[in-house]
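Shown next, in structure tokens, is the structure this report addresses.
Each value in this text was obtained by applying a stated rule to the coordinates, not by laboratory testing. No experiment lies behind these values; they were computed from the predicted model shown. For neighbour counting, all protein chains shown are included, and Cβ atoms are generated from backbone atoms with ideal geometry for every residue, glycine included.
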Amino acid sequence: MSEPPRERPVITPSQTVGPFFSFCLAPRDRPGIGCASLITPDAVGTRITIEGKVLDGNGAPVPDALIETWQADGDGRYAGFHRAVAGSSFTGFGRATCDADGRFTIETVKPGSVVDLENRRHAPHIAIGVFGKGINRRLYTRLYFPDEPANDTDPVLSCVESNRRSSMIARQTGGAERRYAFTIRLQGVDETVFLEA
Amino acid sequence: MDESTLFEYAPESLAAHPAPYSESYRFTHKRAPLRPIHAMAPTITELTGPSFGAEVLNAHDDDLTRQHEGEPIGERIIVCGQVVDEEGCGVPGNLIEIWQANAAGRYAHEVDTHDAPLDPNFTGSGRVLTDAEGRYRFTTIKPGAYPVGGLDNVWRPSHIHLSLFGPSMLSRLVTQMYFPGDPLLAFDTILNTAPAHSRDRMVAALDRSATQSEWAIAYRFDIVLRGRRPASRRQSGRDV
């Protein structure tokens, strides 16, 4: 493939997943590509549950959204990248569909803090992708955890306008149970901060 | 994998995508963020992502006409193409998830209430992996056009949904493949959310060389994912 440099081709554009994706992307009759529980026997980290909700610009639940998550394990390591995780069955990838009330649940481990390629330390976070009818291209954000001092110095969160950061921080709802609530507001005055890299 | 295998992503490439809000695609009206999307430099979280191999495939995932007892009704077609990055290099071992309506324009999905028959021999869901050169191929039935429920005389052209991951969170793509010459394309509110310069990327081409005589017409649909290998890795044409 040693060809001379050429003009960069136009990438294939995104389209909505539409309303009829679940029989393929989140099938009930076979293992899906990623599922709502990331827990495996060898997953490193504290078990947590994310109880999410997706709301539209009217504050109405979005019943047909697809959520994808990507995260490091409890030691801050990404599957497929950090050699130390090789052999672990923890994939770091989750998928969940919303119910009629716009709710979704992800069971996983709390990610550790991640050190990036520039040696900066990120606060524990889970990358979140939102797909759905009326969403032309995946909306991307990060879920952070409350009471993490590292949130203040996180290289991504700290660059977001301070009065909007709370839209990216989950709320702890159960003490010992480690349950977190996270509401994704697609539109409106308290709209979730969506990111683009 | 290590740092030197991570792809590079230019922000300019994003111009090919639709904006979140579209006047004519009304379902965006209350679901599109109206505040500016916050631009950030990609970090390790965005530059990595999940990958899947043959372990997620079942028999006949690449032949949607052979997943049931009998043969589905409709025009049998082959869809094939190459998944490449922005340098034109094949993206090997890449999972593609595929879903579509049947020949009558009806999805095997409980929410689809269009008054057209279901086909007991067609589910319309498949998976394929790209080969070492990024090539893929699957067999299916040409999906029918269908009306959008609740809207006045709005029709979707025949299309196949495709979902791909590529090397990272930034190459993730969900798109739709359309058929050449379809008169509904000009009026489709979803196809036309994409900017004019990138729309044609989503229209397949008749591929006479891949057509199987007395069996099935073939359509070629090449997919360009965002990102490119770092310069040091471009010669090899594939990942290690």
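Mind listing just one residue for me: the one in the stretch A:14-39 that is free of Cβ contacts under 8 Å to residues at least 60 places away in the same chain and part of a loop (DSSP other than H, G, I, E, B) and, of those, nearest to B:Q100 (Cα to Cα)? Restricting to residues being free of Cβ contacts under 8 Å to residues at least 60 places away in the same chain and part of a loop (DSSP other than H, G, I, E, B), the top hit is A:F20.
Scanning the stretch B:178-200 for residues that are within 9 Å of chain A (Cβ to nearest Cβ) and either closer than 21 Å to A:F20 by Cα or in contact with a strand residue (DSSP E or B) (Cβ under 7 Å, 6 or more places away or on another chain) (or both) yields B:I190, B:L191, B:T193, B:A194. The set of residues in the stretch A:42-63 that are away from chain B (no Cβ under 14 Å), surrounded by 17 or more Cβ atoms within 10 Å (Cβ to Cβ) and not in a strand (DSSP E or B) comprises A:A43, A:V44, A:G45. Looking only at residues in the stretch A:158-197 that are outside any strand (DSSP E or B) and among the hydroxyl-bearing types (S, T, Y), the one that is surrounded by the fewest Cβ atoms within 10 Å (Cβ to Cβ) is A:S162.
If you check B:T28, B:T5 for being β-branched (V, I, T) and buried (at least 21 other Cβ atoms within 10 Å of the Cβ), only one passes: B:T28. For the stretch B:111-158, filtering for residues that are of a type in the set (S, T, N, Q), more than 12 Å from every other protein chain (Cβ to nearest Cβ) and part of a loop (DSSP other than H, G, I, E, B) leaves 4. Residues that are within 23 Å of A:P41 (Cβ to Cβ) and part of a loop (DSSP other than H, G, I, E, B) within the stretch A:121-132 comprise just one, A:P124. Across the stretch B:187-208, the number of residues qualifying as part of a helix (DSSP H, G or I) and in contact with a helix residue (DSSP H, G or I) (Cβ under 8 Å, 6 or more places away or on another chain) comes to 8. Among residues belonging to the stretch B:85-110 that are buried (at least 19 other Cβ atoms within 10 Å of the Cβ) and acidic (D, E), point out the one that is farthest from the other protein chains (Cβ to nearest Cβ). Ranking the candidates gives B:D85 first.
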